[in-house]
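Here is the structure we will look at, set down as structure tokens.
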Amino acid sequence: MADVIDFFSKLFMAESWPARWYCGIWTGFHGWLYIGSNIAIWAAYFAIPFVLLYFIVKRNDIPFIRVFWLFILFILACGVTHLVDAILFYYPAYRFSALILFICAVISWITVVALIKILPQALSLKSISQLEKIISSRTKNLMLVSADLQRQNGQLLNYAHITSHDLREPISNIISLIELHDMEDDKKEREKYYSMFKSESNNMLSTLNELNEALKIQNSDEVDRQQVSFDEVLEEVLKSISTLIKQSKTTVEADFSALDKIYYPRIYLSSILMNLISNAIKYKHPDRSPHISLRTRAVDGLEILECSDNGSGLDLKKYGNKMFRLHKKFHGNEDARGVGLFITKNQVDAMGGTIEVESEPGSGTKFMVKFNAIKNNI
Amino acid sequence: MINVAIIDDNMILQMHLKKLFLTYSNIRSINSFTSVEDALEFFKETNEVDKLPDIILLDINFPGLDGWDFLDEFEEIKKNIEKEISIYMISSSIMDSDIEKSKAIELVKGFINKPISSSNLDDIKNFKNN
């Protein structure tokens with residue numbers, strides 16, 4: 001105990017030892033190398049905490065902030081031991097030096113323990129490349145969800161348009177016809193309005209049915225996907241419309257060698273092929289019999305069905321954005337243009353695909369169904 | 001006396017309008033078009049002020065060029081026409097987007113919702129119902 005009291009009471013005294021220069025034999029080079037290096041280490045150990053401090057202040061989201069503070073203390077303490085070591089050459093306060101070494105030792109061990117404690121947690125931290133992977137996989141999921149939402153939103157707008165226009169139109173017509181009927185005295189005229197009234201009512205009903213069919217496609221999670229062979233489905237479709245094909249002298253050529261099967265709902269593929277083929281026949285060129293060429297392609301994982309015809313074609317500048325809309329006209333005209341393609345587009349969309357069209361008036365039309373376009377794009 | 005043009009592919013509407021116009025005292029003639037293409041052709045070829053309409057009733061939805069396309073092209077055609085022509089949209093659409101869009105177009109003087117009746121045609125100035 002007397003030693004301890006002696007130690008602290010004479011902490012800064014240097015009377016018991018010679019300055020280090022005079023203790024043993026130092027050459028100038030040796031001594032200055034020792035002093036210079038110690039001073040340099042001290043300066044560096046004082047600079048490092050400031051860099052760390054700057055880092056901590058700028059990045060307030062770093063983990064293990066307490067360990068950073070410990071590190072700052074630890075390095076400062078180490079620096080001081082080197083400074084004192086250099087001072088001993090002139091002022092041999094060996095007691096003070098021992099105290100500084102002791103403080104540095106305590107801080108060093110606290111740091112060691114703290115480091116060991118956080119080690120498991122630090123190991124479980126995700127590396128930047130791991131985080132990037134997680135982010136990119138989440139982003140991909142979000143993009144899929146967003147693409148699906150965009151598609152659904154587009155469909156809702158389409159339905160809003162259908163109800164606001166296509167369903168209101170026949171009702172307006174029915175109201176008009178009732179008024180015309182009431183205004184008219186001539187019996188024959190009245191009968192004419194009455195029969196138009198009946199056909200408008202039927203139009204209304206068939207529009208509702210088509211809308212209903214399209215809405216069913218929307219709830220299509222339950223539709224079974226399976227491996228379907230293009231050849232098989234085409235054969236069934238051609239069989240079911242064989243009379244139409246014969247009468248219109250249509251020739252159909254198919255090449256499914258690049259992609260002969262697809263994981264897709266069989267009823268949809270059948271309906272898509274049916275609509276594309278009957279559409280090509282319906283809009284055939286007046287001067288030649290329809291020729292339809294079907295082929296599949298697989299490009300970079302994208303599964304594509306192409307259907308080209310030699311029909312009358314369309315000016316896409318005029319009609320492009322309306323091709324796939326439900327667009328039935330309500331004036332007793334039998335032309336149901338657009339309904340088949342409207343259903344086809346809904347089916348393709350619901351399964352995460354897109355349908356595109358190229359056409360040249362007079363020379364034909366080509367439809368491209370990209371079955372998995374949405375997923376493949378992301 | 002005024003001339004009216006109807007551009008609508010709905011034959012029932014055309015019939016109804018013509019019937020209603022019989023009761024209007026100041027309508028001289030009615031020009032009816034069932035497609036925007038036909039209507040544009042007429043306006044491109046016709047210069048005589050007497051033959052041109054004072055009022056156009058224009059539907060929005062057509063299978064081919066639609067009412068908006070007509071308005072686009074009419075901006076150009078109008079420059080060669082020495083007659084003040086008022087256009088009224090006439091549509092079954094009750095979509096706000098359609099109504100707002102038509103309000104933004106200077107050429108369009110009004111938006112009439114189907115079904116039409118003599119009362120909503122009263123919105124059209126110059127019509128004299130007796």
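Numerical summary
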| item | result |
| --- | --- |
| Kirkwood-Stokes translational diffusion coefficient of region A:167-218, alpha-carbon pairs, 37 °C, 0.692 mPa s, µm²/s | 274 |
| Residue-by-residue Karplus 3J(HN,Hα) for region B:56-67, coefficients 6.51, -1.76, 1.60, Hz, glycine and proline x | 10, 9, 10, 7, 8, 8, 9, x, x, 4, 10, x |
| Enclosed volume per residue, in Å³, of the convex hull spanned by Cα atoms of region A:223-378 | 126 |
| Heavy-atom SASA rank of B:Ser102, B:Ser97, A:Ser201 (probe 1.4 Å, accessible area, largest first) | B:Ser97, A:Ser201, B:Ser102 |
| For A:Lys284, distant residues with modelled amide H under 5 Å away | A:Ser312 |
| For region A:199-206, 3J(HN,Hα) per residue [Karplus equation, 6.51 cos²θ - 1.76 cosθ + 1.60, θ = phi - 60°, Hz, x = Gly/Pro] | 5, 5, 4, 5, 4, 4, 5, 5 |
| Given A:Lys216/A:Lys239; B:Lys19/B:Lys114; A:Lys216/A:Lys345; B:Lys78/B:Lys109, the pairs whose alpha carbons are separated by over 18 Å | A:Lys216/A:Lys239 |
| Formal net charge of residues neighbouring A:Ser293 (Cβ-Cβ distance under 12 Å; K, R +1; D, E -1) | -2 |
| Cut-off 14 Å between beta-carbons: net charge of the residues surrounding A:Leu142, Lys and Arg +1, Asp and Glu -1 | +2 |
| Under the Karplus curve 6.51 cos²θ - 1.76 cosθ + 1.60, θ = phi - 60°, whole-Hz ³J(HN,Hα) for region A:243-256, x wherever Gly or Pro sits | 5, 4, 5, 5, 4, 8, 6, 7, 10, 10, 10, 9, 9, 9 |
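The values are calculated or read from the model by the stated rules, or taken from the named source; none is laboratory data. Remember, it's a predicted structure, so these values are computed and weren't measured experimentally. Every residue, glycine among them, receives a Cβ derived from its backbone with ideal geometry; neighbour counts consider all protein chains shown. The accessibility values were calculated without ligands, DNA or RNA, using every heavy atom of the protein model including side chains. Shrake-Rupley method; radii C 1.70, N 1.55, O 1.52, S 1.80 Å.
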